[in-house]
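Every read-out reported here was derived from the displayed coordinates using simple, explicitly stated rules and does not represent laboratory data. Here the structure is a predicted model, which is why all the values come from computation and not from measurement. When we count neighbours, we look across all protein chains shown, and the Cβ atoms used for this are built from the backbone with ideal geometry, even at glycine.
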Amino acid sequence: MSNIATETQVESKNKRAAALADRIEEGAELLAAFAETLTDAEWNTPVTPTDKRTVGVIVHHVGNMYPIEIGAVNAIAGGNALTDVTWEVVADINAKHAADNVNVTKTEAVEFLRKNSREAADAVRNLTDEELDTAAPFSLSFGAPVTAQFVIEDHPLRHAWHHLARIRKAVGR
């Protein structure tokens, strides 16, 4: 009977991680698929009056952030506080990214988004339930001790969905 319990534990060990990873990929694929339908004019539309980055830059930006977001997830999953990640740092990363990728093509951005979302999802799939439940102070959450699962849901998982909604609004569809 202990073998059955062990097999069940192994089988379900990464069930939550797999579900989170699937949702990361789902959001990225929704964004990628929508991006592929955009006209050149829509691709070059600023996302908001205050955020002058174009739709194309934003699609690439989501792909660009996955490795950074997974780095934060892994730090928290390892029980390490993240105190140097501030919204100012994020704004600087975003501004540099926008300047460096102002002419990104749709093909480049969509391929980059898909590649990095797959890699992020694969990293999440490797997390154990214990790592998902590990909490540590996170400066983007005002120093609150948040779990690795929360960081996944609030950053690499939510990010594509958030920007897809903003892009749809910007292009009127």
Suppose we take every Cα in the chain and form the convex hull; what volume per residue is that in Å³?
111 Å³
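Given the peptides 107-118, 152-163, arrange them by the average over their residues of other C-beta atoms within 10 Å, most packed first. Walk me through the numbers on the way to the answer.
Details: 107-118: 18.4, 152-163: 21.0.
Descending mean neighbour count gives 152-163, 107-118.
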Please list the helices of the chain that count as membrane-span-like by this rule: a mean Kyte-Doolittle hydropathy of at least -0.5 together with Cα atoms stretching 27 Å or more along the helix axis, each helix being a complete DSSP H run.
15-36, 55-77
Lysine pairs with alpha-carbon atoms under 26 Å apart, the chain, spacing 8 or more or separate chains
12
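So what's the net charge close to Asn44: Lys and Arg +1, Asp and Glu -1, counting the other residues with Cβ under 13 Å from its Cβ?
+1
Taking the Cβ of Arg23 as the center, what net charge do the other residues with Cβ under 12 Å away carry, scoring Lys and Arg +1 and Asp and Glu -1? Before the final figure, lay out the partial values.
Details: positive: Arg16, Arg125, Arg158; negative: Asp22, Glu25, Glu26, Glu29, Glu153.
For residues surrounding Arg23, the net value is -2.
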Residue-count net charge about Ile167 - beta-carbon cut-off 13 Å; Lys, Arg +1, Asp, Glu -1:
+3
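If each DSSP helix of 4+ residues adds -39,500 (n - 2.57) and the sum is divided by the residues in the chain, what number results at 222 nm, nearest 500 deg cm²/dmol?
Details: 9 runs with 118 residues, N = 173.
The per-residue figure over the chain is -21500 deg cm²/dmol.
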